[in-house]
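Everything below concerns the one structure shown next.
Where a number appears in this text, it was derived from the coordinates with a stated rule and is not lab data. In this text the structure is predicted, and so the values were computed from the model without any measurement. Quick reminder, even Gly has a Cβ in these numbers, built from the backbone with ideal geometry, and neighbours come from all protein chains shown.
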Amino acid sequence: MDTIISLKDISKSYGKSGQLASDAISLDIPKGKIYGVIGASGAGKSTLLRCINLLERPTSGEVWVDGKELTALPSIELNKARKHIGMIFQHFNLLSSKRVLDNVALPLKLVKIPVSQRKEMLLNI
């Protein structure tokens, strides 16, 4: 099975003290599978997930998504790659005036994907 996300020795530390949030995490997530990240409060779950799309840049290691090493991409290429990565944040804000499908489609609309293509993409979820 093809790997869609691959983390290679991801570590993330903060501040002058070098407080570790994640330490040498490696994993492969196959295409078509759903995984969850669980753990105690402060264990580094959110930091790890933010490292996957480089909202947080890892202190060391490599992040690969769909065959591209995100940690090696220049800013412009990273922004292009992020357009193909979806995330649901812990404290997400849905638009109460919209249906669930409309909330899911909103990012596609914001990057100007035509309505016909959006419908096709959403049907394949």
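Rounded to the nearest 0.05, the FRET efficiency derived from the C-beta distance between Lys16 and Lys109 at R0 = 30 Å is 0.10. Taken one residue at a time, the phi angles of the stretch 63-72 give Karplus couplings (6.51, -1.76, 1.60, θ = phi - 60°) of 10, 10, 10, 6, x, 10, 7, 5, 5, 9 Hz. Gly and Pro are set to x.
Per residue of the chain, the DSSP helices (runs of n ≥ 4 H) give a summed -39500 (n - 2.57) that works out to -8000 deg cm²/dmol at 222 nm.
Among Ser75, Ser41, Ser13, the largest mean-square fluctuation in a Gaussian network model of the chain, built with springs joining Cα atoms closer than 10 Å, belongs to Ser41. Across all directions, the average flat footprint of the convex hull enclosing the Cα atoms of the stretch 23-88 is 4.9 nm². Excluding same-chain neighbours fewer than eight residues apart, the lysines reachable from Lys8 by a Cα-Cα span under 20 Å are Lys31, Lys33, Lys45, Lys68. Label zone of Ala72 (point 7 Å out along Cα→Cβ, amide N under 13 Å): in the stretch 26-56 this covers no residue at all. Distance check, please: which entries in Lys80/Lys112; Lys12/Lys80; Lys83/Lys119 exceed 20 angstrom between their Cα atoms? Too far apart for the 20 Å limit: Lys12/Lys80.
Stokes-Einstein D for the chain at 20 °C, 1.002 mPa s, Kirkwood Rh over Cα pairs, in µm²/s? Before the final figure, lay out each step's value.
Details: Rh = 16.3 Å.
It comes out at roughly 131 µm²/s.
Reported value for the stretch 51-125: 119 Å³ per residue, from the convex hull of its C-alpha atoms.
Normalised by the residues of the chain, what does the relative contact order come to in percent, with Cα pairs under 8 Å and at least six apart? Present the calculation step by step, with values, prior to reporting the outcome.
Working: 135 pairs, mean separation 26.9, N = 125.
The normalised contact order for the chain reaches 22 percent.
Which residue, Leu48, Leu106, Leu78, has the most motion in a Gaussian network model of the chain that connects Cα atoms within less than 10 Å? Ranking Leu48, Leu106, Leu78 by mean-square fluctuation puts Leu106 first. Once you divide the Cα radius of gyration of the stretch 1-53 by 2.2 N^0.38 Å, the number left is 1.24. Applying the criteria of a DSSP loop state and at most 12 other Cβ atoms within 10 Å to the trypsin sites (Lys or Arg not before Pro) of the stretch 35-125 yields Lys83, Lys98, Arg99, Lys112.
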